[in-house]
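Reviewing the structure listed below.
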Amino acid sequence: MNLPRISLDAVSLQYPCGTRALHGVHLQISAGSAFGIVGPNGAGKSTLLNMMCGFCQPTTGTVHIGDVLVERRSLDHIRSLLGVLFQHADDQLFQATVIDDIGFGLRNRGIPYAQAESQAREILRRFDLESIAQKSPFQLSSGQKRFAALCGVLVMEPQVLLLDEPTSDLDPRNRRRFLDVFRKLSMTRLVISHDLDFVWDACDTVAILDKGQVVAQGPTRELLQNESLLLQHSLELPLRLQ
């Protein structure tokens with residue numbers, strides 16, 4: 001499989017009210033890499049992710065997934081390539097049972113119910129989550145919800161995985177487990193996170209976003225050791241370096 005890269009070229013976004021969310025953003029995310037985006041609240045990180053999904057269109061500039069321009073007429077194809085893990089798992093879990101939730105995307109793609117259920121059970125087995133298959137999402141712990149949501153994304157076999165604050169509701173043990181899972185994935189991965197220790201462990205390259213602009217980009221362990229740079233943009237060293 002030829003995995004796609006992600007390219008943003010001079011991307012800006014101005015809302016109808018006049019607020020500028022992004023200013024001339026350039027990013028090149030290599031195929032198959034793990035790329036982190038960090039920055040203070042309001043920096044434009046989630047806006048950037050929404051733009052990659054086609055939820056909003058840039059005022060100027062272009063976004064490509066592979067060689068395909070993200071625009072209204074290409075959205076069906078783009079979204080067939082993407083898997084998105086939202087910050088709040090409750091935004092992704094809405095069926096009566098976990099097994100139904102995980103199979104939902106497959107059924108929506110036209111896969112017969114029995115086959116979709118079989119594939120959903122297989123991915124639950126892969127993550128040692130068979131015991132929650134028949135539970136309601138409302139009966140799950142935060143960690144179980146996070147892994148159930150991830151299973152629902154991965155069962156669709158995306159070529160690009162976008163993760164928004166993936167560790168925000170995980171205890172230390174589940175955070176470590178999530179990191180182990182993440183490291184074994186081979187698709188192009190983009191992580192937006194305030195958890196700089198997770199980014200340190202998970203990502204090859206990182207960009208710092210502040211006030212809608214990329215202010216630095218480079219190897220993760222080089223940028224995240226630069227305390228003066230982090231402090232300039234309302235960030236702190238990863239806890240392991242403090």
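Since every read-out is calculated from the coordinates, none of them should be taken as a lab result. The shown structure was predicted, so the numbers you read here are calculated from the model rather than taken from an experiment. In this analysis, Cβ positions are derived from the backbone assuming ideal geometry, glycine residues included, and neighbour counts consider all displayed protein chains.
Could you calculate the contour length gain from GLN57 to GLN232, that is, 0.36 nm times the residue separation minus the distance between their Cα atoms, to one decimal place in nm?
Extending this stretch completely gives an extra 60.0 nm.
Place +1 on the Cβ of every Lys and Arg and -1 on the Cβ of every Asp and Glu in the chain, take the dipole about the Cα centre, and give the residue among ALA114, VAL214, LEU154 whose Cα lies farthest towards its positive end.
ALA114
Using a/c under 1.5 as the rounded threshold, could you call region 94-139 rounded, prolate or oblate? The axes a ≥ b ≥ c are square roots of the C-alpha gyration tensor eigenvalues, and prolate needs a/b larger than b/c, oblate otherwise.
Values: a/c = 2.52, a/b = 1.30, b/c = 1.94.
It comes out oblate by the Cα gyration axes.
Calculate the dipole size of the chain relative to its Cα centre from +1 charges on Lys and Arg beta carbons and -1 charges on Asp and Glu beta carbons; express the result in debye to the nearest 20.
The dipole magnitude comes to about 260 debye.
With +1 on each Lys and Arg Cβ and -1 on each Asp and Glu Cβ, how big is the dipole of region 94-139 about its Cα centre, in debye rounded to the nearest 20?
For region 94-139, the charge dipole is close to 100 debye.
With both bridge residues required to lie in the chain, what share of the DSSP beta bridges run antiparallel, to the nearest 5%?
DSSP beta bridges in the chain are roughly 55 percent antiparallel.
Give me SER12, SER80 sorted ascending by neighbouring Cβ count inside 10 Å, so fewest comes first.
Listing SER12, SER80 from fewest to most nearby Cβ atoms yields SER80, SER12.
Please give the FRET efficiency for GLN115 paired with ASP91, using the beta carbon to beta carbon distance and R0 = 22 Å, rounded to the nearest 0.05.
Calculated value: 0.25.
Using a Förster distance of 51 angstrom, determine the FRET efficiency expected from the C-beta separation of VAL68 and ARG221, and round it to 0.05.
Approximately 0.95, to the nearest 0.05.
Give me the distance between the Cα centres of region 48-76 and region 90-117, rounded to whole Å.
One Cα centre to the other: 26 Å.
Summing -39500 (n - 2.57) over the DSSP H runs of n ≥ 4 in the chain and dividing by its residue number, what mean residue ellipticity at 222 nm do you reach, to the nearest 500 deg cm²/dmol?
Helix-only estimate at 222 nm: -10000 deg cm²/dmol.
Order by neighbour count: CYS151, CYS53, CYS17, fewest other Cβ atoms within 10 Å first, most last.
CYS17, CYS53, CYS151
Would you please calculate the Kirkwood hydrodynamic radius of region 65-135 over all C-alpha pairs and express it in Å, rounded to one decimal?
13.8
Please report the net charge: other residues with Cβ closer than 13 Å to the Cβ of ASP91, K and R +1, D and E -1.
Taking every Cβ under 13 Å from that of ASP91, the sum is -3.
log₁₀ I(q)/I(0) of region 1-81 at q = 0.15 Å⁻¹, via Debye over equal Cα point scatterers, no solvent, to two decimals?
At q = 0.15 Å⁻¹ the computed log10 ratios are -0.52.
In square nanometres and to one decimal, what's the mean projected area of the convex hull around the Cα atoms of the chain?
With the hull built on Cα positions only, its mean projection is 13.5 nm².
Net charge within 11 Å of ILE29 by Cβ-Cβ distance, Lys/Arg positive one each and Asp/Glu negative one each, not counting ILE29 itself? Numbers along the way, then the final one.
Numbers: positive: ARG5, ARG189; negative: ASP204.
Spelling it out: positives minus negatives among the neighbours equals +1.
Projected onto the charge dipole of the chain (+1 at Lys/Arg Cβ, -1 at Asp/Glu Cβ, origin at the Cα centre), which of SER74, GLY143, VAL181 gives the Cα projection farthest towards the positive end?
Value computed over the given set: SER74.
In a Debye calculation with equal point scatterers on the alpha-carbon sites of region 52-185 and no solvent, what is log10 I(q)/I(0) at q = 0.17, 0.20, 0.21 Å⁻¹?
-0.94, -1.19, -1.27
Between ARG5 and GLN134, what is 0.36 nm times their sequence separation minus the Cα-Cα distance? Round to one decimal in nm.
Once the chain is fully extended between ARG5 and GLN134, it gains 42.7 nm.
Hey, got the dipole for region 132-219? About the Cα centre, +1 on K and R Cβ, -1 on D and E Cβ, debye to the nearest 20?
340
Considering only ILE111, ILE65, ILE192, give the residue with the highest GNM mean-square fluctuation for the chain, with springs between Cα atoms whenever their separation is below 10 Å.
ILE111
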